[in-house]
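A short worksheet on the structure shown next.
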Amino acid sequence: MLILSKIECKRNPWRPIFSSLYKFEVSRREFAILLHMNILRFPLLDEEQLTDQFQQTMRLPMNEAGEMRLRGALQALMGELLRHNPKYDMRVQSMLLACHLRLRALQNHVLASRRENDFAPQRCDLRAWFEDICAAADMLLHPLGRSVVFNAPEETVEAACAPRDIAWLLLELICNCARHSEGEEIRVAMDIKRKRHGMNYRSGQHRPAACFVNVACEGELDLRRLHAAGQRPGTGIAAVQRIAYLHGGSMIWLGSGGRSIASLRIPLRQSAKLPLAETPDFVELLSDQLSPVYTALAPAISVVE
């Protein structure tokens, strides 16, 4: 059952629709889902109305002050577009893709300019998150002839991090590989480097020092171009570098032997006192085309969609 949470009705363009539901306050994303699932039954917009709403939404500015307004408008529009069966309508399909790309650009813009004061770490099992993300990406990219292979040690890897930001980082790297790889396989390898003198004398085990995640694909990417993209504000590469920096880690790109590797290092700081972040089922999220998995991989899956 979908739980209705609070919404701002002041700027909500759908407010007249909620005249009989004034007791509830619903987020625009939840409204879009309700609309898509036909739980809220409203007449479909005609072609002219849909085009007008699309053009108005795309004209909204992409900046910090207008972030919530643009995000809400995009999600509401995407919910409406999904009601028009985009699978059978190329025009609706192209508008839905444009919304995903706009939302993706907004997310990268927000993350690339995130301040340290906005960084709120949680206790997270990185292995569980990464494994689910790779499984979801593998299913979405399979029609493209791409496969995502995940390798990691069989152990829980807890870290103090912003898990959704880290998830976006990994999806961004996988998307980049899917678009430019010369081979079918994208390999995501996770490893733990332990401190030489970090022995825990009670358990006799070494304390983990850092988690390394390598995303590799066939073909050598243009490293100069990647470096230049990292210098431009609001790009996906700039967002990836900013996320790594806020976690006290690093992000480097390597190319050798006909392969390209993006290497992420995340320090494994103590996280016992932090709240535990619940791991979402990313594979289950694939049934919802409003999910961030679709948005992050939009440039790659658009070839199929």
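The values are calculated or read from the model by the stated rules, or taken from the named source; none is laboratory data. This one's a predicted model, so the numbers in the text were calculated from it and none came from an experiment. With ideal geometry, Cβ positions are generated from the backbone for all residues, glycine too; neighbour counts draw on all protein chains shown.
Only residues that are under 20 Å from residue 279 (Cα atoms) and surrounded by fewer than 23 Cβ atoms within 10 Å (Cβ to Cβ) were counted across region 174-188, and they come to 0.
The set of residues from region 257-268 being surrounded by 16 or more Cβ atoms within 10 Å (Cβ to Cβ) and either at pLDDT below 85 or outside any strand (DSSP E or B) (or both) comprises just one member, 268. If you filter region 121-157 down to residues that are crowded, with 21+ Cβ neighbours inside 10 Å and not in a helix (DSSP H, G or I), you find that the one that is modelled with the lowest pLDDT is 124. Apart from one condition, residue 296 fits all of (1) aliphatic (A, V, I, L, M); (2) surrounded by fewer than 19 Cβ atoms within 10 Å (Cβ to Cβ); (3) at pLDDT 90 or above; the exception is (2).
Residues checked against (1) over 30 Å from residue 160 (Cβ atoms); (2) without any contact (Cβ under 8 Å) to a residue 12 or more places away in the chain:
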| site | (1), (2) |
| --- | --- |
| 46 | yes, yes |
| 51 | yes, yes |
| 71 | no, no |
| 106 | no, no |
| 118 | no, yes |
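When you check residue 252 against the structure, is it in contact with a strand residue (DSSP E or B) (Cβ under 6 Å, 6 or more places away or on another chain) and more than 18 Å from residue 129 (Cα to Cα), yes or no? Judged against the criteria, residue 252 is a match.
Do we find that residue 232 is touching a Ser or Thr at 6+ places or on another chain (Cβ under 9 Å) and under 19 Å from residue 108 (Cβ atoms) in this structure? The answer is no for residue 232.
The listed residues are 60, 40, 111, and the only one of them that is surrounded by 15 or more Cβ atoms within 10 Å (Cβ to Cβ), modelled with pLDDT of 90 or more and in a loop (DSSP other than H, G, I, E, B) turns out to be 60. In region 235-257, the residues that are among the charged types (D, E, K, R) form Cβ pairs under 8 Å with partners that are part of a loop (DSSP other than H, G, I, E, B) and surrounded by fewer than 19 Cβ atoms within 10 Å (Cβ to Cβ), at six or more places apart or across chains, as follows: 242/113; 242/114.
Scan region 72-83 and give yes if some residue there is among the acidic types (Asp, Glu), modelled with pLDDT under 90, in a helix (DSSP H, G or I) and surrounded by fewer than 13 Cβ atoms within 10 Å (Cβ to Cβ), otherwise no. Within region 72-83, not a single residue is among the acidic types (Asp, Glu), modelled with pLDDT under 90, in a helix (DSSP H, G or I) and surrounded by fewer than 13 Cβ atoms within 10 Å (Cβ to Cβ).
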